[in-house]
Amino acid sequence: MLEFFKSHKPEISAFLEEYFNSRKKDLVKINEWGEDVLKKLFDFASSGKMIRGGLVLLSHKIFNGKQEDSALRSAAAMELFQTGFLIHDDIMDRDLFRRGRESLFYQYKRHGDREGFHDSYHYGESMGICAGDIAFFLSFELLSELACPSYAKESIIKLFSSEFSSVGLAQMQDVSFGHLDESPGEEAILNLYRYKTGRYTFSLPLTIGAILAERDARELPLLGELGEDLGLIFQIKDDEIGLFGSVEKTGKPVGSDLKENKKNLYHYYLLRNTGPGEREKLLRIFGSGQISGDDINFIREQVTGKGIVKLINEKVLTLRDKAGDLIGGIKNADPSGIAVLRELLDYSVERTS
């Protein structure tokens, strides 16, 4: 993993832990779930790479920012939002494991089993939805306490709200696509990637760091565009890892995207390049609740044998070159920070987990 993000993860984790400890007194007054949900949210958040939070700190460094506390607080809020999204995402995708551990909603389902609750699975989903919601509200509370000029705080909170509304709409599109047999067009898939992953994972934290460093607003669109390209690469590689990875590396069952009939570029190109017999078999596999090892191997053989892997890799390299040019266009920046950004670009292209 990139050393910059690895070195700053403990700092973000420590901030979150201190913040949760400060909130515990008030939440435990309400009921016994206050302490429970804070512990689960912290365990979940601290188990990730914290790249999104790290990007806030990296952007702040690139632009020689001086508001370290606000940057760290924004980074922690970014990670807490990510935690809420992933909790809800696991519920929608029915993924029982995340990062090699039980998904948060499944932890509550197991609690329901131990207590003998009727329909413990629904109980787990309901509790998980509530926990994700709490993560969002705590994140906005963190942002409300930013110690920066009021115009910057207002701009950041508005940006968070706008980008996350877009994520919600893109998620609705993703769910809708999952119920279709046919694949939407390539541009529709890339647009889904752009708003479900790209902008909030990269554009948003890069822009927040620049705002806190008090950069000219005219510089922000470049960061937004760079973030979109990085996000497209990231999501395309996620699709690759989901198909060709292993549970040991990903912490999630292989084939979960196939089971949920996710409409990604592999799905799109497969259906465009198969004959009637193969197509019928593919449509039986996509969206099937039971995905076998033979099914996964069949898909892997198809996308490799038909040159789809090569085609998609070429798209990734084109995006990499464009993103590299955009990084080169960042002016008056800290050279060591720019070097980390280029390292992140290379990592995004080459990552296997």
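Restricting attention to segment 41-64, does a residue exist that is touching a Leu at 6+ places or on another chain (Cβ under 8 Å), in the same structural domain as A135 (by TED's automatic domain parsing) and farther than 24 Å from F164 by Cα? No, segment 41-64 contains no residue that is touching a Leu at 6+ places or on another chain (Cβ under 8 Å), in the same structural domain as A135 (by TED's automatic domain parsing) and farther than 24 Å from F164 by Cα.
Taken over segment 25-50, the criterion of being surrounded by 14 or more Cβ atoms within 10 Å (Cβ to Cβ), of a type in the set (K, R) and modelled with pLDDT of 95 or more is satisfied by K40 alone.
Of the residues making up segment 19-42, none is of a type outside the set (D, E, K, R), out of contact with any helix residue (DSSP H, G or I) (no Cβ under 8 Å at 6 or more places or on another chain), under 22 Å from I208 (Cα atoms) and not in a helix (DSSP H, G or I).
I need a count of the residues in segment 306-333 that are farther than 18 Å from G227 by Cβ and either surrounded by 13 or more Cβ atoms within 10 Å (Cβ to Cβ) or not charged (D, E, K, R) (or both).
Just the residues of segment 306-333 that are farther than 18 Å from G227 by Cβ, to begin with: 306-314, 317, 332.
If we keep only those that are either surrounded by 13 or more Cβ atoms within 10 Å (Cβ to Cβ) or not charged (D, E, K, R) (or both) as well, we get 306-309, 311-313, 317, 332.
Summing the residues that are farther than 18 Å from G227 by Cβ and either surrounded by 13 or more Cβ atoms within 10 Å (Cβ to Cβ) or not charged (D, E, K, R) (or both) in segment 306-333 gives 9.
The residue pairs whose first member lies in segment 113-124 and is under 15 Å from S103 (Cα atoms) and aromatic (F, W, Y), whose second member is surrounded by 13 or more Cβ atoms within 10 Å (Cβ to Cβ) and at pLDDT 95 or above, and whose beta carbons are closer than 7 Å, counting only pairs six or more residues apart or on different chains, are Y121/K109; Y123/Y108; Y123/K109; Y123/G112; Y123/F117.
For the residues G227, G231, G209, G242, the requirement of being part of a helix (DSSP H, G or I) and farther than 28 Å from I338 by Cβ singles out G242. Segment 51-148 holds helices (runs of 4 or more DSSP H) entirely within its bounds, and those carrying 3 or more residues that are surrounded by 22 or more Cβ atoms within 10 Å (Cβ to Cβ) and among the small types (G, A, S) map to 51-62, 68-93, 120-144. For segment 310-331, which positions are of a type outside the set (D, E, K, R) and in contact (Cβ under 8 Å) with a residue 12 or more places away in the chain? L311, I312, V316, L317, L319, A323, G324, L326, I327, G329, I330, listed by residue number. Residues that are modelled with pLDDT under 90 and in contact with a Phe, Trp or Tyr (Cβ under 8 Å, 6 or more places away or on another chain) number at least 1 in the following helices (runs of 4 or more DSSP H) confined to segment 276-353: 276-285, 293-305.
Each residue in segment 1-10 was checked for being surrounded by fewer than 17 Cβ atoms within 10 Å (Cβ to Cβ) and assigned to a helix (DSSP H, G or I), and 4 of them qualify.
On the given criteria, is F202 more than 16 Å from I62 (Cβ to Cβ), touching a residue at least 60 places away in the same chain (Cβ under 8 Å) and either surrounded by fewer than 18 Cβ atoms within 10 Å (Cβ to Cβ) or not assigned by TED's automatic domain parsing to the domain that holds G132 (or both)? In short, no.
The values are calculated or read from the model by the stated rules, or taken from the named source; none is laboratory data. Just so it is clear, the model here is predicted, and its values are computed rather than measured. Every residue, glycine as well, gets a Cβ built from its backbone with ideal geometry; the counts of neighbours run over all protein chains shown.
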